[in-house]
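Rule-based calculations on the coordinates, nothing more; no lab input. Because the structure is predicted, anything quoted here is derived from the model rather than measured. Don't worry about glycine lacking a Cβ; one is built from the backbone with ideal geometry, like all the others, and counts go over all protein chains shown.
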Amino acid sequence: MAEITLNIDGREVKGERGDTILQVCQKNGIDVPTLCHFAELSNIGSCRVCIVEIEERGRTRIDTSCTTPAAEGMVVRTNGEKLNAFRKAAIELLLSERNHFCMYCEMSGDCELQSLAYRFGIDHVRYPYFYPKLPVDSSRKYFIMDHNRCVLCRRCVRACAELVGNHTLGVMERGIRSMIHADLNVPFGESSCVSCGTCLSVCPTGALVDRRSAYMGREIQVERVKSTCLFCSVGCGTEIVVRDDYILRVEGDWDAEPNRGLLCVAGRFEPLY
């Protein structure tokens, strides 16, 4: 790929033609906050947290770095009072929309939304709270979908379609009533879901929760042991999540070949049931 040169935060950095601004930043060690972005998935820019200020051809604009292609000669600013004010407002709006009471959530301490709130010093929300009463789908054997803690990043939708190829998940309703649904709005347990758990592994909040390991230990309390699944000859890379020598759950190793984070139901769930 042809090399391009950008100016990011006063630094001259290199990237490849076809990279997004976010990719160039990550390759050059420049930290840009994200929420809906996941490295293995396509980018949709829905959370607006990764916004940057771009100067190009004499014009300045603010755009999402995960969806904006990097171009030769671009001048980009990733930080600043105005950008952080916009990011903070976006995070506050997410917090005001649904039930994000961290003290009661299984993912507290390992939640990307919570981490962003800490990062931007959000100790209160300036907007009215809505908290629509949304359902909790517990029809699946291995995990629970709590729509009240969903931020509609659509990572699960993209993972199901792009990584698994199952296309089970989508989005229904509009505005604050929007929810992730399975097939034509049937319970997860009656859908075409194959229980691979990929949606669970990419969720940034407590919307998708592993039934077995829920509330059995925060991320800071557990140890991760790299291993290999022995259920078939593929030999997928796994991470065994352990607390006090007790196996809580099995996760896919995103750095391992050949599965690159993906597991089937036999590798992720069945060993512990």
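Brief remarks on what is shown
- Segment residue 214-residue 84, extension gain: residue separation times 0.36 nm, minus the distance between their alpha carbons: 43.5 nm
- Normalising the average separation of contacting C-alpha pairs (under 8 angstrom, six or more residues apart) by the number of residues puts the relative contact order of region 121-273 at 18 percent.
- Region 181-249 shape via C-alpha gyration tensor axes, a/c threshold 1.5: oblate
- Distance from region 192-227 to region 75-123 (C-alpha centre basis), Å: 21 Å
- All-pairs alpha carbon distance profile, the chain, 5 Å steps from 0, percent: 1, 5, 11, 15, 16, 16, 14, 11, 7, 3, 1, 0, 0
- Computed magnitude of the charge dipole of the chain (debye, nearest 20; Cβ of K, R +1, Cβ of D, E -1): 700 debye
- Max mean-square fluctuation residue, GNM over the chain, Cα-Cα springs under 10 Å, options 37, 181, 124: 124
- Rg and Dmax of region 107-211, Cα atoms only, in Å: 14.3, 42
- Fully extending the segment from residue 7 to residue 242 would add 80.2 nm, taking 0.36 nm per residue of separation and subtracting the current Cα-Cα distance.
- With respect to the chain, whose longest principal axis is taken over its alpha-carbon atoms, helix 81-97 is tilted by about 30°.
- Expressed per residue, the C-alpha convex hull volume of region 151-273 stands at 120 Å³.
- Kirkwood-type radius of region 217-273, with distances r between different C-alpha atoms, in Å: 11.4 Å
- For region 39-183, a simple Cβ point-charge model (Lys and Arg +1, Asp and Glu -1, everything else neutral) yields a dipole of about 340 debye relative to the Cα centre.
- Computed over the Cα atoms of region 1-100, the ratio of the radius of gyration to the Kirkwood radius (Rg/Rh) comes to 0.99.
- Distribution of pairwise C-alpha distances over region 36-162, 10 Å bins, in %: 11, 35, 34, 15, 5, 0
- Relative contact order (percent, whole number), region 3-79, Cα cutoff 8 Å, 6+ residue spacing: 39 percent
- Site pair residue 110 and residue 260 shows an inter-label distance of 2.4 nm when each label is modelled 7 Å from Cα along Cα→Cβ.
- When +1 charges are put on Lys and Arg Cβ atoms and -1 charges on Asp and Glu Cβ atoms, the dipole computed for region 138-253 relative to its Cα centre reaches about 280 debye.
- Between region 43-63 and region 1-30, the Cα center-to-center distance that results, in Å: 14 Å
- Positive-end extreme of charge dipole, region 49-135 - chosen from 54, 129, 115 (charges on Cβ): 129
- Based on C-alpha pairs under 8 angstrom that are at least 6 apart in sequence, region 107-211 has a relative contact order of 34 percent.
- Using θ = phi - 60° and Karplus 6.51 cos²θ - 1.76 cosθ + 1.60, couplings along region 8-20 (whole Hz; Gly, Pro as x): 10, 6, x, 10, 8, 10, 10, x, 10, 4, x, 5, 7
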